[in-house]
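What follows is a single structure, written as structure tokens, with notes after it.
What follows is calculated from the coordinates using simple rules that are stated; it is not laboratory data. Given the structure is predicted, the values throughout are model-derived calculations rather than measurements. A quick note on method: Cβ atoms are made from the backbone with ideal geometry, for glycine too, and the neighbour counts reach across all protein chains shown.
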Amino acid sequence: MVQTIAIGVVAGYGAIALVGGAMGYVKARSRASLIAGGASGALLLGSAALATVYPVAGFGSAAAVSLALVTRFAKSARGKGVSPV
């Protein structure tokens, strides 16, 4: 039950990343947003699919992608003078 919920959360996060990348491209014509959102979204959706068969590998790869995204956006927030909570 918990594993099924976790897989759904990872898949949802992947879908949000895909949509966010597309929105960044549409609003700002940012190819970087499109590529990063598409790649991270696809990796997260793949991680969710992998977690259905190999949970450790699937959730491990989802954690790695999530850590990379957090690191990227933390650097961006720090550069804009936004303090972390």
Q: Filter the helices (runs of 4 or more DSSP H) completely within the chain down to those with at least 3 residues that are on the phi > 0 side of the Ramachandran plot and surrounded by 14 or more Cβ atoms within 10 Å (Cβ to Cβ).
A: none
Q: Report, ordered by the first and then the second residue, all pairs with beta carbons closer than 9 Å, sequence separation of six or more or different chains, a first member in segment 51-63 that is farther than 17 Å from residue 13 by Cα, and a second member that is exposed (fewer than 12 other Cβ atoms within 10 Å of the Cβ) and among the β-branched types (Val, Ile, Thr).
A: none
